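J.: Got a structure for you, written out below as structure tokens; questions coming shortly.
The values are calculated or read from the model by the stated rules, or taken from the named source; none is laboratory data. Bear in mind that the values here come from a model prediction, so they are computed numbers and not experimental data. When we count neighbours, we look across all protein chains shown, and the Cβ atoms used for this are built from the backbone with ideal geometry, even at glycine. Heads up: the accessible areas ignore ligands, DNA and RNA and are worked out on the full protein's heavy atoms, side chains in. Shrake-Rupley method; radii C 1.70, N 1.55, O 1.52, S 1.80 Å.
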Amino acid sequence: KEMIERRFKHLEWPFPDLMVIDGGRPQVLAVSRILRDNNINIPMLGISKFGNDKLVFPLGAKKSFQELAEVSKNILLRARDEAHRFANFARKRRKRGEFSGVSSFQQSIATPIFIKIHVLQLVIECML
């Protein structure tokens, strides 16, 4: 909750066009509640690994959005996989001490959820 609220308090940063949550119904509902409480309206979905990469939508998601996401599922899965690869690579670099001079707080800011958002934005921009 704190991380998401902190991210959206930076009004100088553009809001993402789509949020992809690495998780199932509980994670999607939690993020959806945070966005609603802060009057932020961004389309979002989750990818549940326990549901065999099932797409999970928040309550009230438009049918057209759900259909578009289902058609784009392979792209969403590739974006998620790339975000995991990037996060794992960064974690290994941090372990090896390649971020010398950078505080652990600064290192922790680039969390996987927002890496995923930015990777997905790049994928969407490439499709346009």
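J.: Can you tell me how many residues in the range 46-80 are of a type in the set (A, V, I, L, M) and touching a strand residue (DSSP E or B) at 6+ places or on another chain (Cβ under 9 Å)? Can you show your working first?
T.: If we filter the range 46-80 for residues that are of a type in the set (A, V, I, L, M), which is where we start, we get 47, 55-56, 59, 61, 68-69, 71, 75-77, 79.
Still in the list and also touching a strand residue (DSSP E or B) at 6+ places or on another chain (Cβ under 9 Å): 47, 55-56, 61, 69, 76-77, 79.
The qualifying residues number 8.
J.: Can I ask one more? So, of the residues in the range 41-52 that are exposed (fewer than 14 other Cβ atoms within 10 Å of the Cβ) and not basic (Lys, Arg), which turns out to be farthest from GLU67 (Cα to Cα)?
T.: Within the range 41-52, the match that is farthest from GLU67 (Cα to Cα) is PHE50.
J.: Another one. For ILE109, indicate whether it is of a type in the set (A, V, I, L, M, F, W, C), at pLDDT below 60, farther than 20 Å from LYS49 by Cα and under 15 Å from the mean Cα position of the chain (by Cα).
T.: Against the criterion (of a type in the set (A, V, I, L, M, F, W, C), at pLDDT below 60, farther than 20 Å from LYS49 by Cα and under 15 Å from the mean Cα position of the chain (by Cα)), ILE109 qualifies.
A quick yes/no check of all residues on (1) without any contact (Cβ under 8 Å) to a residue 60 or more places away in the chain; (2) of a type in the set (A, V, I, L, M); (3) open to solvent by 100 Å² or more (accessible area, probe 1.4 Å):
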{"residue": "PHE8", "(1), (2), (3)": "yes, no, no"}
{"residue": "TRP13", "(1), (2), (3)": "yes, no, yes"}
{"residue": "ASP17", "(1), (2), (3)": "no, no, yes"}
{"residue": "ILE21", "(1), (2), (3)": "no, yes, no"}
{"residue": "ALA30", "(1), (2), (3)": "yes, yes, no"}
{"residue": "ILE34", "(1), (2), (3)": "yes, yes, no"}
{"residue": "ARG78", "(1), (2), (3)": "yes, no, yes"}
{"residue": "ALA83", "(1), (2), (3)": "no, yes, no"}
